[in-house]
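Below is one structure; the comments refer to it alone.
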Amino acid sequence: MKRAIAWMMSLALLLAAVACAEGEAPTFEALEDLEWSFSSGAGAWSTDLRIAADGSFSGQFHDSEMGDAGDEYPYGTVYYANFTGRMTLGEQLDEHSWSVHIDALAQDEEPGSEEIADELRYVAAEPYGITKGDDMVLYAPGTPVDALTEEMRMWAHLFDMEEAPAELSDWFLYSENNDSGFLSYQGLAEDELGLANPWQDMTREELLEASGLTFGVPDGAENVIYRWLADENLAEMQFTLDGDEYCARIQPAALEEGELLNISGMYLPWDNEEEVTIGHCPGTLGLSQTGSEDWTELCLWYDVLPGLMYSLSVYTVDPDGLDLTAVAAMVQMAE
């Protein structure tokens, strides 16, 4: 029964996209089963929306800063916002896009208020990527990718695809003022909403028992957290080192010699890419500027003997001051 419902929902969305491609204006009612997410793909932060048939919306923003820790909150700080608002569809801009105006936006918590729970500090913040009074643009599936700027392609998560598509396959809501892009995906049915987060937090021992995967912990690493995505047998370790935030991942994979798989979940344009060797394993190293002072560096490598794909990323303000390959070697050398 669920498959039949999902098929009918997908068909309805496909017909809505076809109608829009022919110039007919979309409606929020046709899109209300979609979720919308603005994120880098790394999982450290995101702003998520759900839009109702009448244009009202609700959303959440969260940003985990493991390095922002103290004696009472050794696991770091979570910045968050729960908000509601209303938007209206405006004029058609071209064959594939329409203007969207944010009429109202209010949040549940007072920005700046904070509390400590479970050794984490929670700080109420303003929503990231959406503001009252902003004029955004809604792009329909079928929009030519060539019509999008580099920033829009980044937020639409196109850079990480092995073959760049010629057209958007999903709805995309973009704000030039906020440099933010919300990509749509199929939402969950009401009886599945409790399963929204498939990641499981666990100890190192629990991760090894459940997945057979384990990490080496770099010397000096703090605030180490382990997670597992069971459906993909994808293991993750987050930690801070010298004030920088790291995320390591491992996933079993059967790859050809010289082939790499980006399991980092990061969708960024990588510059200064170079070939590296982690232990005896070939890999690549890339750098991307993600803010005026912030950088993200990513290392990917594959160990052919056990058939394991690795990734290690870091958020830093000083990429020249660290050696990511050295940290990667410690991540691979599990005890």
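Quick note: the coordinates plus some simple rules give every number you see, no bench work behind them. Note that this is a predicted model, so its numbers are computed, not measured. Methodologically, a virtual Cβ is constructed for each residue, glycine included, from the backbone with ideal geometry; neighbour enumeration extends over all protein chains shown.
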For an R0 of 45 angstrom, estimate the FRET efficiency from the Cβ-Cβ distance between Gln92 and Leu260 and round to the nearest 0.05. 0.60
How big is the dipole moment of the stretch 37-90 about its Cα centre under a simple scheme where the beta carbon of each Lys and Arg is +1, that of each Asp and Glu is -1, and everything else is neutral? Debye, nearest 20, please. 400 debye
So which GluC sites (Glu not before Pro) in the stretch 56-93 pass both tests, a DSSP loop state and at most 16 other Cβ atoms within 10 Å of the Cβ? Glu72
Distance in nm between pseudo-label sites at Ala147 and Trp199 (7 Å out along the Cβ direction from Cα): 3.4 nm
Computed FRET value (nearest 0.05) for Glu176 with Tyr75, which takes r as the C-beta separation and R₀ as 35 Å: 0.45
Other-chain or far-sequence residues with amide H under 5 Å of Ser56's (modelled H): Met87
Interchain or sequence-distant (5+) residues whose placed amide H lies within less than 5 Å of the amide H of Val276 are Gly283, Thr284, Leu285
Sites Glu209 and Ala104 - FRET efficiency at Förster radius 56 Å, r taken between beta-carbons, to 0.05: 0.70
Relative packing of peptides 208-218, 100-110 - highest average C-beta neighbours within 10 Å first: 208-218, 100-110
Expressed in nm to one decimal, what extension gain is obtained for the pair Met333 and Ser113 from 0.36 nm per residue of sequence separation less their Cα-Cα distance? 75.0 nm
Computed for the stretch 39-138: size of charge dipole around the Cα centre, +1 on C-beta of each Lys and Arg, -1 on C-beta of each Asp and Glu, debye to nearest 20, value 320 debye
